[in-house]
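First comes the structure, then the notes that go with it.
Every read-out reported here was derived from the displayed coordinates using simple, explicitly stated rules and does not represent laboratory data. The shown structure was predicted, so the numbers you read here are calculated from the model rather than taken from an experiment. Cβ sites come from the backbone with ideal geometry, for glycine too, and all protein chains shown count toward neighbours.
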Amino acid sequence: MVRLITFDDITETLLKIKQRGILFFLSKFNFDGKSRTISAFNKSSIISSNWWNIEMVKKRWNKKISGNYDINFVEFLMKKIIKEKSKIKMISLGSGKCNYEFDFMKYNNISEILCLDISEFRINGAIERAKKIDKNNKLQFIVKDVKDYNLKENYFDLVLFNNSLHHFKNIDYLLNKNVFKSLRKGGIVVINEYVGPNRLQFPKDQIIKINEALNLVPVKYKKRFNSKMIKSKFYGSGILRMIVADPSECIESETILSNIHKKFCPIIEQPIGGNILMNVLKDISHNFIPLDDEKKKILEKLFDFEDKYLEQNTSDFIFGVYKKLDDTLS
């Protein structure tokens, strides 16, 4: 179900003007899609209200991936999946600020981490952090569009997409040509990704369920970030605003799994939800930081609601570890 414009688009536009200023809003009205994408990631002046900022949400993901609330996907991967491998050369495509890449850096069997991202602002922040803590110079940084970067052939042991693959076009070519050729024997691709509908065009039945879950949240916790507006209903995103705000957002997201399965075999492919939580908690997550007993109970109700939804529906987010077809970990 494709929507050109929705009531949420109007609300989001007003919020962005308030949070980031009229100049940021006007910057979106140019014909350079790449510039609009970069500006979407250069969030230097605001604190956001994203659902992944909530500690209970992070622990929920940990539990679904590793079976333990306190073990995130990096620790799970390094201690359970590739603990026997040594001198691992890794590339993170669309690395952003490299938060998880700094976690990988701590492991002795990681010898090299190349972080590549289109946002100079984010990479510069990671470079400054690395100067303070990367004593062994494991981290390397490149500011470049992935489509303009030639991956070394038969070089990497681990290719990471952490909430980045859904921003890329021509996913089939990227995965099954460039990434496939860049992996050494025994190498793996790791995704921690949104794989739901393109451009966030959720079906009508999902939107109905999102609003049912939103009704579980008391009004006092529905105040939108940095405003007096109450989030009383979810309408979804319109195509027009999605393209204007960030042309790369979820452009081919729903093709990710089918494309990766063409030449890669899953070692792990774990659904982690998000179908309900992402859309209920967007713009109101700050109300759940910090947590108290009442807020915890509300989140637990939302978690249960989403789990029941996932019993009959595919997950919008996946954690996956993949090897080349006819290849084995060595």
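Mind listing the phi-derived Karplus ³J(HN,Hα) values for region 223-229, rounded to whole Hz, using 6.51, -1.76 and 1.60 with θ = phi - 60°, and x for any glycine or proline?
Working through the residues one at a time gives 5, 5, 4, 6, 7, 9, 6 Hz.
Gain in length, Ile17 to Arg129, computed as 0.36 nm per residue apart minus the alpha-carbon separation, to one decimal in nm? The partial results should precede the final answer.
Numbers: separation 112, 0.36 × 112 = 40.32 nm, distance 3.01 nm.
Here the answer is 37.3 nm.
Can you list the aspartates and glutamates whose alpha carbon sits under 19 Å from that of Lys295, skipping same-chain ones fewer than 8 residues off?
List returned: Glu55, Glu212, Asp283, Asp304, Glu306, Asp307.
Of the listed pairs Lys59/Lys132; Lys144/Lys262; Lys63/Lys301; Lys87/Lys177, which have alpha-carbon separations greater than 19 Å here? Please list the in-between numbers first.
Numbers: Lys59/Lys132 28 Å; Lys144/Lys262 27 Å; Lys63/Lys301 17 Å; Lys87/Lys177 24 Å.
Among Lys59/Lys132; Lys144/Lys262; Lys63/Lys301; Lys87/Lys177, the Cα-Cα distance tops 19 Å for Lys59/Lys132; Lys144/Lys262; Lys87/Lys177.
Tell me, in nm to one decimal, what length is gained between Glu55 and Ile208 on full extension, where the rule is 0.36 nm per residue of separation less the Cα-Cα distance?
52.4 nm
Please give the residues of region 82-117, grouped as numeric ranges, whose backbone N is less than 18 Å from a label point set 7 Å along the Cα-to-Cβ vector of Lys152.
Inside the label zone: 86-94, 105, 109-117.
For the pair Tyr235 and Ile267, how long in nm is the line joining their label points, each one 7 Å along Cα→Cβ?
Modelled inter-label distance: 4.6 nm.
Which of Lys138/Lys323; Lys169/Lys282; Lys223/Lys282; Lys89/Lys138 have a Cα-Cα distance over 18 Å?
Details: Lys138/Lys323 24 Å; Lys169/Lys282 25 Å; Lys223/Lys282 11 Å; Lys89/Lys138 9 Å.
Violating the 18 Å Cα-Cα cut-off are Lys138/Lys323; Lys169/Lys282.
How large is ³J(HN,Hα) for each residue in region 142-147, as worked out from phi by the Karplus curve 6.51 cos²θ - 1.76 cosθ + 1.60 (θ = phi - 60°), to whole Hz, x for Gly and Pro?
Along region 142-147, the couplings run 9, 9, 6, 6, 4, 5 Hz.
If you take Cα extents along the principal axes in Å from the coordinates, which of [x] 58, 45, 37; [y] 53, 43, 41; [z] 81, 53, 42 do you get?
Checked against the structure: label [y].
State the Cα centre-to-centre distance between region 233-278 and region 107-179 in whole Å.
20 Å
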